[in-house]
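The values are calculated or read from the model by the stated rules, or taken from the named source; none is laboratory data. Source: prediction; values computed, not measured. Don't worry about glycine lacking a Cβ; one is built from the backbone with ideal geometry, like all the others, and counts go over all protein chains shown. Surface areas here come from the heavy atoms of the whole protein model, side chains and all, with no ligands, DNA or RNA. Shrake-Rupley method; radii C 1.70, N 1.55, O 1.52, S 1.80 Å.
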Amino acid sequence: MSTAQGSFPGRWRPNAELAVPLFEQLRRRILEMVDGGVLAVGAKLPSVRALAGDLGVAPHTVARAYRELEEAGVLATAGRAGTTVAPRDRRDEELTTAAAAFADVVASRGCSLAEAVVLLSAAYESRGSGRPDAPM
């Protein structure tokens with residue numbers, strides 16, 4: 001698949017030696033590319049089987065990454081029509097609502113912004129969904 005910076009996934013490959021599961025490495029990579037504008041809204045991603053073959057991983061690894069990104073509103077799958085990058089409106093609206101609810105709760109309990117950020121960071125990291133500090 002062509003992107004602004006070449007073919008997806010390009011030379012990137014998951015690293016089996018890392019403690020981070022392969023599906024999570026792929027999920028993070030796709031999210032990084034979407035957030036960075038490398039994969040634009042509507043961009044079609046390779047099929048599960050094709051990407052699994054390109055990356056040298058099992059199809060269920062790609063399927064899980066795609067499924068989690070679809071559940072998060074980042075990707076949209078339309079059966080045989082394939083998987084594409086979803087419009088961000090719905091996701092952004094849901095995240096804004098969740099952030100506002102969190103802000104209301106922490107503010108009502110007297111938390112400072114710094115304390116709220118620490119709590120949110122800890123919760124985010126405990127789910128294993130934190131963004132890597134450096135590209136994989």
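Observations on the structure shown:
- A simple rule links phi to the HN-Hα coupling: the Karplus curve 6.51 cos²θ - 1.76 cosθ + 1.60 with θ = phi - 60°, which for the stretch 114-121 gives 4, 5, 5, 5, 4, 4, 5, 4 Hz, with x for Gly and Pro.
- Judged by the ratio a/c of the largest to the smallest principal axis of the C-alpha gyration tensor, the stretch 64-131 counts as prolate, that ratio being 1.5 or greater while a/b is larger than b/c.
- Residues S121 and R80, FRET efficiency given R0 of 41 Å [Cβ-Cβ distance, rounded to 0.05]: 0.55
- Computed on protein heavy atoms with a 1.4 Å probe, the accessible areas place T61, T97 in the order T97, T61, largest first.
- Under 5 Å, built H, 5+ apart or other chain: amide partners of F8: S2, T3
- Per residue accessible area of the stretch 1-83, 1.4 Å probe, in Å²: 54
- Shown in residue order for the stretch 83-99 are the 3J(HN,Hα) couplings computed by the Karplus curve 6.51 cos²θ - 1.76 cosθ + 1.60 at θ = phi - 60°: 10, 10, 6, 7, x, 8, 3, 5, 4, 4, 5, 5, 5, 5, 5, 5, 5 Hz (x for Gly and Pro).
- Here the chain exposes an accessible surface that is 55 percent carbon and sulfur, computed with a 1.4 Å probe and the other protein chains kept in place.
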